[in-house]
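Written below as structure tokens is the structure these notes are about.
The values are calculated or read from the model by the stated rules, or taken from the named source; none is laboratory data. All values reported here derive from a predicted model rather than from experimental measurement. All Cβ positions, even for glycine, are placed from backbone atoms using ideal geometry, and neighbour counts span all protein chains on display. Keep in mind that these areas ignore ligands, DNA and RNA; they rest on the heavy atoms of the full protein, side chains included. Shrake-Rupley method; radii C 1.70, N 1.55, O 1.52, S 1.80 Å.
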Amino acid sequence: MSETLATRARFVCDMVVQTARLMVGVPDYPTYVAHRQANHPDEPVMTYEEFFRERQQARYDVRKGRLRGCC
């Protein structure tokens with residue numbers, strides 16, 4: 001397998017994994033960190049635990065008896 005083909009295959013695998021994680025509700029922490037560093041360099045970055053908790057709360061927050069999320 002050539003290096004270019006291997007690089008492309010790895011990229012496709014990474015995208016499939018990222019898509020699958022997003023479909024089941026697992027947030028993408030490395031993308032969040034890269035975004036914060038690129039766009040908000042003077043602001044703090046949440047730890048993985050803080051980030052995960054915040055994403056879960058945002059997805060499953062219950063307000064006024066209504067479940068927010070996919071359903």
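Among the residues of the stretch 11-36, which ones are closer than 18 Å to THR47 by Cβ, open to solvent by less than 80 Å² (accessible area, probe 1.4 Å) and within 10 Å of the chain's Cα centre (by Cα)?
VAL26, PRO27, ASP28, TYR29, THR31, TYR32, VAL33
Hey, any hits in the stretch 48-65 for a residue that's over 23 Å from ASP14 (Cβ atoms), part of a loop (DSSP other than H, G, I, E, B) and modelled with pLDDT of 90 or more?
No, the stretch 48-65 has no match at all.
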